[in-house]
């Protein structure tokens, strides 16, 4: 059994219990076979204490949280962050290797820590902003390439991200695509699922502009004119009022559309299980965790070809359409209704679990760890 130190740039915390939860799922998958220590530091705005520490331990899985009082003074902020990090780092027992998640905040520190501790380092990249690197200047590409080449292995979460790394000169021998993990104890088919009286569409996101929720609304309004026997549920953690305003401007009947705010994953699965089709209409994605969650629940999807898992989807999982094309989305929604009885939800779920389940990802990471950290 190896001991892996996780250094995430994003991670669920007191400020946001869903921030980077896909990284937490990765850590839990690794803990099936190995000991994992996660070290995460962040600031707290209104805190009576300068430093607060929390350690959560369960079996092979330990989370070390450090919170420091927020300040506008840059040097003081760095000092507090480093003090938090050093205090918790001393508590972590000897480890075999370092696994950084998202280069943006922890990437260079992970490299330096690997150098001073004489440990090999792995990077998992989830950041959608990395796609912009292809259009950056030669100098910027070389700067990023310089640091990325310090890693012993890089694990992009999709093939489209792998292409970005190849474009900036990272050897394909260092690259292994490892998908995000889905907690299949929560996201699974409902064996007692009842048929809906109306066809149920579902969308889940943070409602950011890149998710193109407005495109879904435009397509749905047109669909209602053709077939009013369908509903759309919009759920997520974002500016829901902005979505409501768009619905009102489009004059979509209230009886056909339902709004739900932020909910925890345990209850989120119910919506996937009940839906007839999940829709993701993003301009760009790194992976698209919601797609994987939907498929693990057996719910077929309509998604844009957006650079995430959608680029690798099969026709047994749903329809892939061009981004920013409400007309094609309307046609895909109409086709989903027409082919409702042709989708095999159990087979969709089984296939998804074999790709995104904890056991599958745990085995894949174990193979990489043994190669890198035991060599």
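With the gyration tensor restricted to C-alpha atoms of segment 36-101, the semi-axes of the equivalent ellipsoid amount to 24, 13, 9 Å, longest first.
Spin-label model, residue 366/residue 43: points 7 Å from Cα along the beta carbon direction are separated by 4.2 nm.
The long axis of helix 74-89 is offset from the longest Cα principal axis of the chain by roughly 80 degrees.
Would you please put 296-305, 94-103 in order of how densely packed they are, using the mean number of other Cβ atoms within 10 angstrom per residue and starting with the highest?
Numbers: 296-305: 24.5, 94-103: 21.7.
Put in order of decreasing packing, that is 296-305, 94-103.
Taken as Cα centroids, segment 132-205 and segment 86-110 sit 21 Å apart, rounded to the nearest whole angstrom. Over the residues of the chain, the helix contribution to mean residue ellipticity at 222 nm works out to -12000 deg cm²/dmol, using -39500 (n - 2.57) for each DSSP H run of at least 4. Can you give the angle from 0 to 90° between the axis of helix 265-274 and the longest principal axis of the chain, with both taken from C-alpha atoms, to the nearest 10? With both axes taken from Cα atoms, the answer is about 30 degrees. Take the Kirkwood radius over Cα pairs of segment 270-309, plug it into Stokes-Einstein at 37 °C and 0.692 mPa s, and you get 324 µm²/s for translational diffusion.
All C-alpha pair distances within segment 99-187, sorted into 5 Å bins from zero, spread as 3, 14, 25, 25, 17, 9, 5, 2, 1, 0 percent across the bins. Here, segment 290-340 has an Rg and a Dmax of 10.6, 28 Å when only alpha carbons are counted.
Put simply, the C-alpha atoms of segment 185-286 give a gyration tensor, and the ellipsoid matching it has half-axes of 21, 18, 12 Å, longest first.
State the extension gain, in nm to one decimal, for the chain segment bounded by residue 359 and residue 311, taking 0.36 nm per residue of separation less the distance between their alpha-carbons.
Working: separation 48, 0.36 × 48 = 17.28 nm, distance 2.33 nm.
The span from residue 359 to residue 311 would gain 15.0 nm if fully extended.
In what order do 249, 345, 193, 80 fall by count of nearby beta-carbon atoms within 10 Å, going from fewest to most?
On the way: 249 10, 345 17, 193 13, 80 21.
Taking fewest neighbouring Cβ atoms as first place, the list is 249, 193, 345, 80.
Rounded to the nearest angstrom and listed largest first, the equivalent-ellipsoid semi-axes of segment 199-355 from its Cα gyration tensor are 22, 17, 16.
Applying 0.36 nm per residue to the separation of residue 237 and residue 375 and subtracting their alpha-carbon distance, the gain on full extension is 45.4 nm. With the highest mean first, a sort of the peptides 171-181, 26-36 on other beta-carbon atoms found within 10 angstrom per residue produces 26-36, 171-181. Measuring r between the beta carbons of residue 50 and residue 267 and using R0 = 41 Å, the FRET efficiency lands at 0.70. Look at where the Cα atoms of segment 3-71 and of segment 268-324 average out, and the two centres are 29 Å apart. Exposure proxy ranking for 216, 337, based on other Cβ atoms within 10 angstrom of each Cβ and starting from the fewest, stands as 337, 216.
How large is the direction-averaged shadow of the alpha-carbon convex hull of the chain, in nm²? Please report the intermediate quantities before stating the final value.
Working: hull surface 80.1 nm².
Projected area, direction-averaged: 20.0 nm².
Each peptide in 12-25, 251-264 receives the mean, over its residues, of other Cβ atoms within 10 Å, and ordering these scores from highest gives 12-25, 251-264. Taking the fewest neighbouring Cβ atoms within 10 Å as the starting point, the ordered list for 135, 188, 355, 335 is 135, 335, 355, 188.
Could you state the angle between the C-alpha long axis of helix 213-226 and the longest principal axis of the C-alpha atoms of the chain, as a value from 0 to 90 degrees rounded to the nearest 10? So the inclination is approximately 20 degrees.
Once the Cβ-Cβ distance between residue 337 and residue 190 is put in as r, and R0 is 30 Å, what FRET efficiency do you end up with, to the nearest 0.05?
That pair, residue 337 with residue 190, gives E of 0.90.
Here the spin labels are modelled as points 7 Å beyond Cα on the Cα-Cβ line, and at residue 83 and residue 18 they lie 3.4 nm apart.
Values in this text are rule-based calculations from the coordinates and carry no lab data. Here the structure is a predicted model, which means the values were calculated and not measured. As a convention, Cβ positions derive from the backbone with ideal geometry for all residues, glycine included, and neighbour counts pool all protein chains shown.
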